[in-house]
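The values are calculated or read from the model by the stated rules, or taken from the named source; none is laboratory data. These numbers come from a predicted model, not from an experiment. So basically every Cβ, Gly included, is an ideal-geometry build from the backbone, and we count neighbours across all protein chains shown.
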């Protein structure tokens, strides 16, 4: 049974059809990669699911509940979390305080508990940090962390509302290969432990082929292919979009990246 169901989704900007009637589904416990060349409509699709953009047409349903028309905060409260290409944390706060601030928001107490924020659900915040291997650094300011550790803190913050669906926008951007693999392996483990779903955009094909359960490919606003990584690797339309008509797709390049 699908957790997320997107049907006939469309969005235009002026005379440009950025997303043109796409359909896809995502099940709990699954990592789905959304890929495509520049201008394919990936960010527009991603932002419509998150509520930052409102769809012109179509439906986005989470557990059979319609999300189109809801504000991002309402969508977040229904169990959709997000991480960003550039990690969003409060650099002046400690690691644990960042997670506590997110827990305050989840509890609808952002404006009523400022004096007690440092005490709010500290144990719960520490438990979330333990899941991303950051508990030992709980009392360090985020400003002192390496970038890979900041991304782990952001992931802990994204878990604060116990999400059903996690949206990850270029999760490994700016990270070294080892950090990329560690973050995505951690995400995969969280998916297995929590039974949530992940929709992520990513330019690094090594990450996509190593960690995605399935992939959907957009080009010029339309969905041109979907399937398991090896199916996508061999798909003729994907080859044409990425490499041009008449060119031979070099499988060994992607196999090397995924190794």
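Listed conditions (1) surrounded by fewer than 16 Cβ atoms within 10 Å (Cβ to Cβ); (2) in contact with a strand residue (DSSP E or B) (Cβ under 9 Å, 6 or more places away or on another chain); (3) over 22 Å from residue 214 (Cβ atoms) are all met by residue 75, apart from (1). Among the residues here, residue 55 does not qualify as under 12 Å from residue 218 (Cβ atoms) and either assigned by TED's automatic domain parsing to the domain that holds residue 201 or modelled with pLDDT under 95 (or both). The set of residues in the stretch 170-223 that are assigned to a strand (DSSP E or B) and crowded, with 18+ Cβ neighbours inside 10 Å comprises 197, 198, 199, 200, 201, 214, 215, 216, 217, 218, 219, 223. Check 131, 137 and return the single one that is modelled with pLDDT of 95 or more and not assigned by TED's automatic domain parsing to the domain that holds residue 204. It is 137. Apart from one condition, residue 23 fits all of (1) surrounded by fewer than 18 Cβ atoms within 10 Å (Cβ to Cβ); (2) more than 14 Å from the chain's Cα centre (by Cα); (3) part of a loop (DSSP other than H, G, I, E, B); the exception is (3).
Residue 58 passes every criterion in (1) under 16 Å from the mean Cα position of the chain (by Cα); (2) farther than 25 Å from residue 203 by Cα apart from (1).
The condition (being within 30 Å of residue 121 (Cα to Cα) and either modelled with pLDDT of 90 or more or not assigned by TED's automatic domain parsing to the domain that holds residue 31 (or both)) is satisfied by just one residue among 171, 229: 171.
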